[in-house]
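The structure appears below as structure tokens.
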Amino acid sequence: MEKIKTSLLIAGFLILTSGITGKAQNRIWTLEDCINYALTNNITVQKADLLNNKNELYSKQAKANRLPSLNASANQNFNWYKGFDSTTGEYGSSKGANSTSYSVNSNVSLFNGNKLTNQIKSAKLDLESGHFYSEEVKESIGLNILNAYLQVLYAKESVSNAQKQIESTTEQLDLAKERVDLGVISMLDYLQIKSELATEKLTLANAKSELYMSKVSLMQLMEFSVDISFEISSPDLNSMLLDSGQPEVQEIYSLALGIKPQIKYAELSKESAMLGIKIAKADALPSLSMNAGLSSAYSSLTAGSGYFSQLNDKINPSVGFSLSIPIFQKKQIKTNVAVASISVFEAELDLVNTKNELRKSIEQACADVVVAQSRYIASLEQNKSTQESYDVTNEKYKLGLLNSVDFLVQKTNLITSESELLQSKFNVIFSYKLLDFYKGIPLTL
């Protein structure tokens, strides 16, 4: 009873608000529009794009690490001391002095076991894998939008079917009213038809409620503020039901392995992990760097020479090489190499698992297509047979050769048959679109 009350309240709300909002939004949204809007506004997609921006900066920084460093410095010092009088053998009054120094230094790595080279490669792989991760996120959102979009279309057709049933039953009720007035049928027969009409009106209210909630779900997936006037286009889905044939799992799987972003992401992650071993091993090799500098200084204690004269006289250029040979690093290098090796094994397992999950998903999708096709064909035949039986029953009822109970039984069978046909129709469409998704075909209707 509570569910019925809730459905009626929602239906009443829809009727009231439809008059208030009017034409707040005249746009008719296609599936492509919904997906594009979702990809633009989805937080997960935006975060994935920001991660790509970070990886791009890291890649540029890895390349910049090859360049020489250049630093400049300036120092100013003040100190005081007590002068020593040699004639008296005593220290006299305090005296002050100041000194200034300037220097420019540069350092560049000449050899470090190809560590910089491998870090550049690793950063590039991270940048590429980030793009594939972003594509994977977008594909997942696109599938969710497709499912929600089809749910709205299914709900719209359910409303349409419910309205047609009400129109048909209303005609039957008018006919029953004429017959009860003429005394041809009993009041009980008339009331049974009237009760059926009330039930169908409740079914329509529930269908409208489901339609509204389906739209809300779609809008929320799109990150679109709920709008009562939101409408989607209704493409011709019957042409999509002509697809037939047994899907080939291995063929689709082989195709998906070459195009699916999650596979590319896992492969690049493995390559990056393998570079991690080389980077860790580089710390065990000698490193060679070159440094160069230029310095000058001034001191107030230097007699007979001015500030700029001292700076000019004390210019000291320098060039040097520094060789660092690791001897004992407290097992740090060995540990880093072992950890990097474990990361490679993890990446290999992730790649195998990703491929297995993709294969299982495709196997399930192919099985769903076969089941959905079989169910749709069976539902189509059942609906055709039920419709023919209903037409005969309806004709007998109009001629007064059938009572309302038998008529309503057949009408109920027809309603059930149409509902099952509608469900099987959308199941087969979604299963076809899911196979297209694994084949790399864009999601369209």
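The values are calculated or read from the model by the stated rules, or taken from the named source; none is laboratory data. All figures in this text were calculated on a predicted structure; none of them were measured in a lab. Neighbour counts are summed over all protein chains in view; Cβ atoms, including those assigned to glycine, are modelled from backbone coordinates with ideal geometry. Side chains included, ligands, DNA and RNA excluded: accessible areas come from the protein's heavy atoms. Shrake-Rupley method; radii C 1.70, N 1.55, O 1.52, S 1.80 Å.
Tabulated data for the structure shown
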| quantity | calculated |
| --- | --- |
| Qualifying position, being part of a helix (DSSP H, G or I), touching an Asp or Glu at 6+ places or on another chain (Cβ under 7 Å) and crowded, with 17+ Cβ neighbours inside 10 Å, among S424, S417, S379 | S379 |
| Only listed residue being buried (at least 20 other Cβ atoms within 10 Å of the Cβ) and either closer than 30 Å to D33 by Cα or of a type in the set (D, E, K, R) (or both), chosen from K215, K281 | K215 |
| Within segment 409-423, tally of residues that are farther than 12 Å from V392 by Cβ, among the aliphatic types (A, V, I, L, M) and over 38 Å from the mean Cα position of the chain (by Cα) | 2 |
| Among the residues listed as S101, S18, S109, the single one being out of contact with any Phe, Trp or Tyr (no Cβ under 8 Å at 6 or more places or on another chain), of a type in the set (G, A, S) and either modelled with pLDDT of 90 or more or surrounded by 13 or more Cβ atoms within 10 Å (Cβ to Cβ) (or both) | S109 |
| Filtered residues of segment 214-231 (kept if touching a residue at least 40 places away in the same chain (Cβ under 8 Å) and either of a type outside the set (V, I, T) or closer than 15 Å to S158 by Cα (or both)) | S214, K215, S217, L218, L221, M222, E223, F224, D227, S229, F230, E231 |
| Leading residue by the ranking (most open to solvent (accessible area, probe 1.4 Å)) among those in segment 221-273 that are among the polar types (S, T, N, Q) and over 30 Å from S374 (Cα atoms) | S225 |
| Qualifying residue in segment 149-162 (condition: modelled with pLDDT of 95 or more and within 18 Å of A256 (Cβ to Cβ)) | no |
| Residue match in segment 397-404 (condition: under 24 Å from L188 (Cα atoms), open to solvent by 70 Å² or more (accessible area, probe 1.4 Å), modelled with pLDDT under 90 and assigned to a helix (DSSP H, G or I)) | yes |
